[in-house]
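The values are calculated or read from the model by the stated rules, or taken from the named source; none is laboratory data. Just so we're clear, the structure is a prediction, and the values are computed from it rather than from any experiment. Neighbour counts run over all protein chains shown; Cβ positions are idealised from the backbone, glycine included.
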Amino acid sequence: MSITILKIPSLGPVVFSQSKRAKRMSISIRPFKPVRVAFPQKISLKKAQKYLLKNLSWAKKNLDYIRKIEKEHETTVNDKPKLPKTKAKTILRNRLKELANIHGFKYNKVFIRNQKTRWGSCSNLNNINLNINLVSLTQELMDYVILHELVHTQIKNHSKKYWDRLDKYVGGRAKDFDKKLKKHRLGL
């Protein structure tokens, strides 16, 4: 793998990453990270730069959007200090158990990880995965994610039936909470 960082006007530093794993050229724009262009080994750095320049308006538009989300994230996440991992895990495990008991849900195992793209998930075996960063959200959003996964122990999809059931546990505000959560998703 070969990495080159170039300063591109209107984008700032851009990481060009030539990799054996890359099958095609791609541009990724993620929160709190520089723009990244991945490209296969058979393609030259010069060709990767041309690819970025060809897609400059798309990259600029998406970078502006991400920067806006970063600013919103800074102002909407609770000002809670970063908790030690063991404390955060304990909080999440206890809250999951509490909400499951209150609402009569059964789950198998719980895993708490530092995930980059998901707040939580529920497997077919009813194992629940929670993102350790949930503790940085407001209590209502943290509870929403936990309840979202608990409802998946009973309904394994996002059908109308699923959203109706989730609404029952979150006061009819499931879609509202889902929209609020999306503002945070990119800020992980």
ILE155: passes all of (1) more than 21 Å from LYS106 (Cβ to Cβ); (2) touching a Phe, Trp or Tyr at 6+ places or on another chain (Cβ under 9 Å) but (1)
Would you mind finding the one in GLY120, GLY104, GLY172 that is under 25 Å from PRO31 (Cα atoms) and of a type in the set (Gly, Ala, Ser)? GLY120
Only residues that are closer than 20 Å to ILE102 by Cα, touching a strand residue (DSSP E or B) at 6+ places or on another chain (Cβ under 7 Å) and surrounded by fewer than 21 Cβ atoms within 10 Å (Cβ to Cβ): list them for region 123-144, please. ASN127, ASN129
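This table checks each residue for (1) in contact (Cβ under 8 Å) with a residue 24 or more places away in the chain; (2) under 26 Å from LYS71 (Cα atoms); (3) touching a helix residue (DSSP H, G or I) at 6+ places or on another chain (Cβ under 8 Å).
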| position | (1), (2), (3) |
| --- | --- |
| GLN18 | yes, no, yes |
| ALA22 | no, no, no |
| SER26 | no, yes, no |
| ARG30 | yes, yes, yes |
| TYR51 | yes, no, no |
| ALA59 | yes, yes, yes |
Which numbered condition THR117 fails, given (1) more than 23 Å from LYS183 (Cα to Cα); (2) touching a residue at least 40 places away in the same chain (Cβ under 8 Å); (3) among the hydroxyl-bearing types (Ser, Thr, Tyr): (1)
So which residues in region 135-154 are of a type in the set (Val, Ile, Thr), modelled with pLDDT of 95 or more and not in a helix (DSSP H, G or I)? THR153
Could we say that LEU92 is in the same structural domain as VAL170 (by TED's automatic domain parsing), loosely packed, with under 13 Cβ neighbours inside 10 Å and not basic (Lys, Arg) here? no
Selection count, region 163-188, where residues are farther than 16 Å from GLY104 by Cα, more than 15 Å from the chain's Cα centre (by Cα) and surrounded by fewer than 18 Cβ atoms within 10 Å (Cβ to Cβ): 7
